[in-house]
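Right, one structure below, let's go through it.
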Amino acid sequence: YNGIFNTPKPTIALIQGHCIGGGLGLAAACDLRYCTERSKFGLPAAKLGLGYPYAGLKRLSDIVGPAYAKEITFTGRIYDSAAAKEMRLINGILPDEELEAHVLATAQTIANNAPLTVRAMKNIYANVYKDPDDRDLENCQTMVDQCFASEDYIEGRTAFLEKRPPQFKGR
């Protein structure tokens, strides 16, 4: 889960069916989460007598907030997609037949954006979740500065003025 959470590229969980226990931990490690109307969510560790690691609970709490995270983990209940959306556990609910196309379109939208900017934002968000003493704010600012100094920044502005899609090159 840490590998997925810490990858420098955005990650998207496509959830069909049950997202329970480790599946929920995996989804929580992703940046974005989309599910079907029939998806179910839960963390039944308390009903099974097993522990759940700090990093997973921290990620869950960061996504849904402490009150919902405690409800999810203390009760071990299973939630439907509407409840998961209300808790902000997921970004969107789609009909079964539309889920994959929506996730692929979202991934393509991200891929079409300026790679240096997306990478910088992913890095900054990773630092947001770290303990304050472990944050590398200097590196965050360096990455922002690199965006402003890039060819992609010039291309983005030019494309905007010319009312055309930008052609980013990642430099």
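Just want the answer: with Cβ charges of +1 for Lys and Arg and -1 for Asp and Glu, which residue in ALA29, ALA101, MET121 is farthest toward the dipole's positive end in the stretch 7-160?
ALA29
So what is the relative contact order of the chain, in percent, for Cα pairs below 8 Å that sit 6 or more residues apart? Provide the component values of the computation, followed by the final result.
Working: 227 pairs, mean separation 34.2, N = 171.
20 percent.
Only bridges with both residues in the chain count here: give the DSSP antiparallel percent, nearest 5.
Values: 3 of 13 bridges.
Counting only bridges with both partners in the chain, antiparallel ones make up about 25 percent.
So which chymotrypsin sites (Phe, Trp or Tyr not before Pro) in the stretch 118-155 pass both tests, a DSSP loop state and at most 16 other Cβ atoms within 10 Å of the Cβ?
Numbers: sites: TYR125, TYR129, PHE148, TYR153; in loops: TYR129.
Those that pass, being in a loop and sparsely packed, are TYR129.
Could you name the aspartates and glutamates whose alpha carbon sits less than 12 Å from that of LYS169, not counting residues in the same chain fewer than 8 places away?
Those aspartates and glutamates meeting the cut-off are GLU151, ASP152, GLU155.
Using +1 at the Cβ of each Lys and Arg and -1 at the Cβ of each Asp and Glu in the chain, identify which of CYS19, LEU48, TYR68 lies farthest towards the dipole's positive end.
LEU48
In µm²/s, what is D for the chain at 25 °C and 0.890 mPa s, where D = kT/(6 pi eta Rh) by Stokes-Einstein and Rh is the Kirkwood radius from Cα pairs?
Values: Rh = 17.7 Å.
Rounded to a whole number, D works out at 138 µm²/s.
Measuring with a 1.4 Å probe in the full set of protein chains, what accessible area per residue, in whole Å², belongs to the chain? Present the calculation step by step, with values, prior to reporting the outcome.
Values: 10420 Å² over 171 residues.
On a per-residue basis, 61 Å².
So, with a 1.4 angstrom probe, what is the percent of accessible area on the stretch 1-150 that is carbon and sulfur?
Numbers: 4830 of 8640 Å².
Heavy-atom surface of the stretch 1-150 belonging to carbon and sulfur, 1.4 Å probe: 56 percent.
CYS19's amide H: which non-local residues (gap 5+, or another chain) put their own amide H closer than 5 Å, with H modeled 1.01 Å from N in plane and none for Pro or chain starts?
Amide H neighbours of CYS19: LYS40, PHE41, GLY42.
Once you put a point 7 Å from the Cα of ASP145 and another 7 Å from the Cα of ALA83, both along the Cβ direction, what distance in nm separates them?
Placing both labels 7 Å beyond Cα along the Cβ direction yields 5.0 nm.
What ranking do 52-63, 24-35 get when scored by the average of other Cβ atoms within 10 Å per residue, highest first? List each step's numbers first, then the result.
On the way: 52-63: 16.6, 24-35: 23.0.
So the peptides 52-63, 24-35, ranked by packing, come out 24-35, 52-63.
The values are calculated or read from the model by the stated rules, or taken from the named source; none is laboratory data. Please read all numbers here as calculations on a predicted model, not as lab measurements. Ideal geometry is used to build each Cβ from the backbone, glycine not excepted, and the neighbour counts take in all protein chains shown. Each accessible area value is taken on the protein alone, full model and side chains, heavy atoms only, with ligands, DNA and RNA left out. Shrake-Rupley method; radii C 1.70, N 1.55, O 1.52, S 1.80 Å.
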